[in-house]
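To start, the structure under review is shown below, and the notes come after it.
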Amino acid sequence: MLLARALEDRCELDMCRRIVSAADTSVCRLTASVRTMESRVKMRETGLSQREYVSRVAELNARLDRSRLHDFVVVNENRSLTEVAQEMLVRAGWIS
C-alpha cells in the first residue's frame, strides 16, 4: 500500500502503522526547494485558503526536517514523475 501524506510527528506515523497493520513499512520523504513547493501548492490550490497553504510550505518543511520520520529521501524536483516513482519503489525494496 502507498499512502501519500505529510506525517508531522511520531504519533501520526504510529497511527498509520496501526491502521494498516503492515508488518513492514517504509517512509519516503519527497523533497524539493521551498520555492518549487510553494509554486506547486499555488498551482494546485486555487481557493480561498491558497495563501494559507502556500505560507505553510516552509513551516511544514522545517517540521519534517526536525521530525526525521523518513527512512529515505527522494528528490522530486526537475525530474519526471516516472523517474521519481521508480527511485522510490527501488529504495523501498518493492522492485529491483
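Could we say that E8 is in contact with a Ser or Thr (Cβ under 7 Å, 6 or more places away or on another chain) and on the phi < 0 side of the Ramachandran plot here?
Answer is yes for this residue.
Considering (1) charged (D, E, K, R); (2) more than 13 Å from the chain's Cα centre (by Cα); (3) surrounded by 12 or more Cβ atoms within 10 Å (Cβ to Cβ), say which one R10 fails and leave the rest.
(3)
If you take the residues in the range 18-33 that are surrounded by 13 or more Cβ atoms within 10 Å (Cβ to Cβ) and not small (G, A, S), which one is farthest from Q86 (Cα to Cα)?
In this case the residue turns out to be T25.
Among the residues in the range 56-63, are any assigned to a loop (DSSP other than H, G, I, E, B) and not charged (D, E, K, R)?
Within the range 56-63, none of the residues are assigned to a loop (DSSP other than H, G, I, E, B) and not charged (D, E, K, R).
Is there a residue being in contact (Cβ under 8 Å) with a residue 12 or more places away in the chain, loosely packed, with under 13 Cβ neighbours inside 10 Å and small (G, A, S) anywhere in the range 62-78?
Within the range 62-78, none of the residues are in contact (Cβ under 8 Å) with a residue 12 or more places away in the chain, loosely packed, with under 13 Cβ neighbours inside 10 Å and small (G, A, S).
Any read-out appearing in this document is the output of simple, stated calculations on the displayed coordinates, not a laboratory observation. Source: prediction; values computed, not measured. Counting neighbours? That spans all protein chains shown, and the Cβs are built from the backbone with ideal geometry, glycine included.
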